[in-house]
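Asker: Structure in structure tokens, see below.
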Amino acid sequence: MFMKSFVVIGCGRFGGAVARTLYSLGNEVLAIDRCEEIIKEISEEVTHAVQADVMDETVLKDLGLRNFDVAVVAIGSDIEASIMATIVTKELGINTVVAKALTDLHGKVLKKIGADRVIFPERDMGVRLAHNLVSTNILEFIELSPDYSILEITAIKEWEDKSLVQLKLSTKYGINVMAIKRGNSINISPNGEAIIKRDDILVVIGSSKDIKRIEQKVGE
């Protein structure tokens, strides 16, 4: 039983990785690319793979894209094709359209024409790598907006065996703990009595300024 249905348009390195991962997680995935070789490579790793030129609007409509839950427009350097695919998928009524952008201007255009979410894979990976290099405690960094970010960090030694109330992370650093991961278990929205143990992973949210402060702390 498939969980959701996705169409991935553009199956280069990024789009191909997205399509394969979504399929491996049990979802229905239609992969579309204009390159015959790419379609041959990915055909065994998704539900359906179709060679098509997204500049041909009728082809996309004939593929029945309106029945899919999510469209991922992952086209690389062809900005015109990226814009066309985004417009068509929105016009067909797909609920969620996620589009890959190459530049800020490209991203603004995609937003204007209806993309529900715009991602910048290379820039985002660069930002995450930089944050990870600052400290081995920092496992993940996600910028929600220019003002707010989420950080996934391994508990530092001085936090061990203390409760969230004792640590006062909100007061000291302006961050809120969204979850605590311990091995295979996860405590969502932990209360103040939750105790931090060695190797616990904390998922925290805060303003960009406060996130920088906590990064400096765990990087000491």
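Here, each number is a calculation from the coordinates, and none is a lab measurement. All of these numbers come straight from a predicted model, not from anything done at the bench. A quick note on method: Cβ atoms are made from the backbone with ideal geometry, for glycine too, and the neighbour counts reach across all protein chains shown.
Asker: Would you please list the contacts, defined by Cβ atoms under 8 Å and residues six or more apart or on different chains, that run from a residue in the stretch 15-36 that is among the aromatic types (Phe, Trp, Tyr) to a residue that is outside any strand (DSSP E or B)?
Answerer: Pairs found: Tyr23/Glu45; Tyr23/Val46; Tyr23/Thr47.
Asker: Now for a different question. If a residue has to be in contact with a strand residue (DSSP E or B) (Cβ under 8 Å, 6 or more places away or on another chain) and either polar (S, T, N, Q) or part of a loop (DSSP other than H, G, I, E, B) (or both) to count, how many in the stretch 13-37 make the cut?
Answerer: Counting residues in the stretch 13-37 that are in contact with a strand residue (DSSP E or B) (Cβ under 8 Å, 6 or more places away or on another chain) and either polar (S, T, N, Q) or part of a loop (DSSP other than H, G, I, E, B) (or both) gives 3.
Asker: Only one of Ile113, Ile119 is over 13 Å from Val7 (Cβ atoms), hydrophobic (A, V, I, L, M, F, W, C) and out of contact with any helix residue (DSSP H, G or I) (no Cβ under 8 Å at 6 or more places or on another chain). Can you tell me which?
Answerer: Answer to the check: Ile119.
Asker: So Val59 clears everything in (1) surrounded by fewer than 18 Cβ atoms within 10 Å (Cβ to Cβ); (2) aliphatic (A, V, I, L, M); (3) under 17 Å from the mean Cα position of the chain (by Cα) except one condition, right? Which one?
Answerer: Single failed check for Val59: (3).
Asker: Restricting to the stretch 38-61, count the residues that are part of a helix (DSSP H, G or I) and either touching a strand residue (DSSP E or B) at 6+ places or on another chain (Cβ under 7 Å) or among the β-branched types (Val, Ile, Thr) (or both).
Answerer: Result for the stretch 38-61: 6.
Asker: Now for a different question. Please state which one of Ile42, Ile94, Ile75 is aliphatic (A, V, I, L, M) and over 20 Å from Ala17 (Cα atoms).
Answerer: Ile94
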